[in-house]
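Before any comments, here is the structure.
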Amino acid sequence: MTMYLISFPSDAMVVPPEELRAVGDAAQAVVQEAKDAGVLVFAGGIDASVPPVMVDGDGTVTQGTYPQTKQLDGGHTVLDLPSREAALEWAAKIAVACRCAQEVREFGAGAAT
């Protein structure tokens, strides 16, 4: 089995306020389906109200992040799946639930759970 990261940036999901509850319910249903299938490793969204920090090897903490990751927010799901094709199928389910396209990335060999 291989782990896959399925994600989207928060600004990709454009949903009218009155439909947010339905989107949340649909997303939770897909997460439950992944749990029931035994493939869910993690699912959640980055809390945009908590700013990121950088921690150096000496323990120094500074506000901010790498410039190329400033838009690393939104929803993230990690699934342990038998194939890339299975990852694409799950990404499509999440895309329907969240009403936006999903990015799929494969973790390298040796990824731990």
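The values are calculated or read from the model by the stated rules, or taken from the named source; none is laboratory data. Quick caveat, the model's predicted, so the values are computed rather than measured. Quick reminder, even Gly has a Cβ in these numbers, built from the backbone with ideal geometry, and neighbours come from all protein chains shown.
Numbers below:
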quantity: Cβ-Cβ under 9 Å pairs, at least 6 apart or on other chains, segment 1-27 side surrounded by fewer than 18 Cβ atoms within 10 Å (Cβ to Cβ), far side aliphatic (A, V, I, L, M) and assigned to a strand (DSSP E or B); calculated: MET1/LEU81; THR2/LEU81
quantity: Residue within segment 40-54 that is more than 21 Å from ASP11 (Cβ to Cβ), of a type outside the set (Phe, Trp, Tyr), part of a loop (DSSP other than H, G, I, E, B) and free of Cβ contacts under 8 Å to residues at least 12 places away in the same chain present; calculated: no
quantity: Single residue of GLY24, GLY44 found to be under 17 Å from the mean Cα position of the chain (by Cα) and either of a type in the set (Ser, Thr, Tyr) or under 23 Å from ARG105 (Cβ atoms) (or both); calculated: GLY44
quantity: Residues (surrounded by 13 or more Cβ atoms within 10 Å (Cβ to Cβ) and more than 15 Å from GLY74 (Cα to Cα)) located in segment 38-55; calculated: VAL39, LEU40, VAL41
quantity: Test result for ASP36, acidic (Asp, Glu), assigned to a loop (DSSP other than H, G, I, E, B) and more than 16 Å from the chain's Cα centre (by Cα); calculated: no
quantity: Segment 58-76 - residue that is touching a Gly at 6+ places or on another chain (Cβ under 8 Å) and part of a strand (DSSP E or B) and, of those, nearest to GLY45 (Cα to Cα); calculated: GLY75
quantity: Identity of the residue in segment 1-27, in contact with a helix residue (DSSP H, G or I) (Cβ under 7 Å, 6 or more places away or on another chain) and assigned to a helix (DSSP H, G or I), that ends up farthest from ARG84 (Cα to Cα); calculated: VAL23
quantity: Candidates ALA111, ALA86, ALA92, filtered to the one that is among the hydrophobic types (A, V, I, L, M, F, W, C) and in a loop (DSSP other than H, G, I, E, B); calculated: ALA111
quantity: Matching residues, segment 65-81, being at pLDDT 95 or above and over 14 Å from the mean Cα position of the chain (by Cα); calculated: LEU81
quantity: Scan of segment 97-113 for residues that are modelled with pLDDT under 95, over 17 Å from SER10 (Cβ atoms) and hydrophobic (A, V, I, L, M, F, W, C), ordered by number; calculated: PHE107, ALA109, ALA111, ALA112
quantity: Scan of segment 1-37 for residues that are basic (Lys, Arg) and over 13 Å from LEU79 (Cβ atoms), ordered by number; calculated: ARG21
